[in-house]
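K.L.:
Here's a structure for you.
Just so it is clear, none of the values below were taken in a lab; they were calculated from the coordinates. What you see is a predicted model; the values in this text were computed from it and never measured. Neighbour counts are summed over all protein chains in view; Cβ atoms, including those assigned to glycine, are modelled from backbone coordinates with ideal geometry.
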Amino acid sequence: MKGIPITEELYGYIVEMFAPEDDLLKRLPAEAEAKGIPQIHIAPEQGKFLQILMGATGATKVLEVGALFGYSTIWMARALPPGGKLITIELNSLHAQTTRENVARAGLADRVEVREGDARTILPQLVSEAPFDLAFIDAEKAEYLDYVDAALALVRKGGVIVGDNASAQGLAWNPAPPEDARDFVLAIRAFNRRMATEPRLLSLLVPIGDGMCVGIVR
C-alpha cells in the first residue's frame, strides 16, 4: 500500500491549516440537521480542493448538481471572481430553499442561482448557457452516468468534471458489495468506470473525503 495513512491527528492538522471553516460554515450542518436534512455534505478539505480546481482552471462559471443545504455551494461560490456565476440544481424543495437562505447569509446571492427540479430535465436546458468551467456532481448516485453525459455537453475543453463519493465509503473496489450497499456501490463503480474510460476525459479518483473522481475535459 502506497502513501501515508491519514490519522485523526493528521486529518485535524490538514483541515486546521488548509481548510478552516468560518463561523457560518461551522453552523450550517447542525442547522440543517435540525430541519431534517441529512448530513451527507462534503468535508472542508473537499471544499478547499474544489476551490483549488477552480483557481487552476480560471473558473468563472460553475455548475453543481445537488446542493443539499448549500455547504459545497458556498465553498465554490467564494472562489468565483467578481462577475462569476454558479448554478446549482436541487430536487428537494426544502433543500433548495435552505440553500438559497444560506447563500444569502454568506453574501453570495449575486453569484449563485438555485434551480429547483430534476437535474435530468434541467441539465439539457443549460446548453444555451454553456460553456461551464467546472461541474460538480453530488446527487442521486443511480443517475451519475446521466449527469456525466450532460456535463460533457456543457463543460468546455480544459474544464473539469468532479463527482463525489467515488470511493463509495471504501467499497468501490468490490464488485460484490454487501447487499445493503449494493445499489450505491454498483452505481459508483459504473460512474468510475465511465470517468476512467471516457476518451474525452483525463481522470483520476482522488482519495479525499469519500473520494472525488476528477476528469479534465480534453
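K.L.:
Multiplying the sequence separation of residue 40 and residue 9 by 0.36 nm and subtracting their Cα-Cα distance, what value in nm do you get?
P.N.:
8.9 nm
K.L.:
Just rank 48, 85, fewest to most, by other beta-carbon atoms within 10 angstrom.
P.N.:
Placing the least packed residue first, the sequence is 85, 48.
K.L.:
For residue 61, list the lysines whose Cα falls under 18 Å from its own Cα; do not include residues on the same chain fewer than 8 positions away.
P.N.:
Candidates past the 8-residue exclusion: 48, 85, 157.
K.L.:
Just subtract the alpha-carbon distance of residue 174 and residue 24 from 0.36 nm times their residue separation and send over the number in nm, one decimal.
P.N.:
50.2 nm
K.L.:
Something else about it: What is the spin-label model distance, in nm, from residue 92 to residue 145 if the labels are put 7 Å beyond Cα along the C-beta direction?
P.N.:
Calculated label separation equals 2.6 nm.
K.L.:
For the residues 90, 113, what sequence is obtained by ranking on other C-beta atoms within 10 Å, fewest first?
P.N.:
Sorted ascending by nearby Cβ count, the order is 113, 90.
K.L.:
DSSP loop (so not H, G, I, E, B), at most 11 other Cβ within 10 Å: list which chymotrypsin sites (Phe, Trp or Tyr not before Pro) in the range 140-218 pass both filters.
P.N.:
Passing sites in the range 140-218 are 173.
K.L.:
Please compute one quarter of the surface area of the Cα convex hull for the range 1-43 and express it in square nanometres.
P.N.:
Over all viewing directions, the range 1-43 projects a mean Cα-hull area of 4.2 nm².
K.L.:
Which of the aspartates and glutamates could a cross-linker span from residue 35 if the Cα-Cα distance has to be under 14 Å and same-chain partners fewer than 8 positions apart are dropped?
P.N.:
Straight-distance partners of residue 35: 101.
K.L.:
Note the direction-averaged projected area, equal to a quarter of the hull surface, for the Cα convex hull of the range 89-156, in nm².
P.N.:
That works out to 4.7 nm².
K.L.:
Here's a follow-up. Could you list the residues of the range 50-65 with an amide nitrogen less than 12 Å from a label point located 7 Å from the Cα of residue 153 in the Cα-to-C-beta direction?
P.N.:
none
K.L.:
Which value results for Rg/Rh of the range 43-198 when Rg is the Cα radius of gyration and Rh the Kirkwood radius based on the inverse mean 1/r?
P.N.:
Taking Rg over the Kirkwood Rh, I get 0.96.
K.L.:
Let me ask you something else. What percentages make up the Cα-Cα pair-distance distribution of the range 32-128 when the bins are 10 Å wide from 0?
P.N.:
Histogram of Cα-Cα distances, whole percents per bin: 17, 49, 31, 3.
K.L.:
Please sort 20-27, 211-218 by packing, taking for each peptide the average over its residues of neighbouring beta carbons within 10 angstrom, highest first.
P.N.:
Final packing ranking: 211-218, 20-27.
K.L.:
Restricting to DSSP H runs of at least four residues, report the calculated mean residue ellipticity at 222 nm for the chain, -39500 (n - 2.57) per run over all residues, nearest 500 deg cm²/dmol.
P.N.:
The helix contribution divided over the chain gives -12000 deg cm²/dmol.
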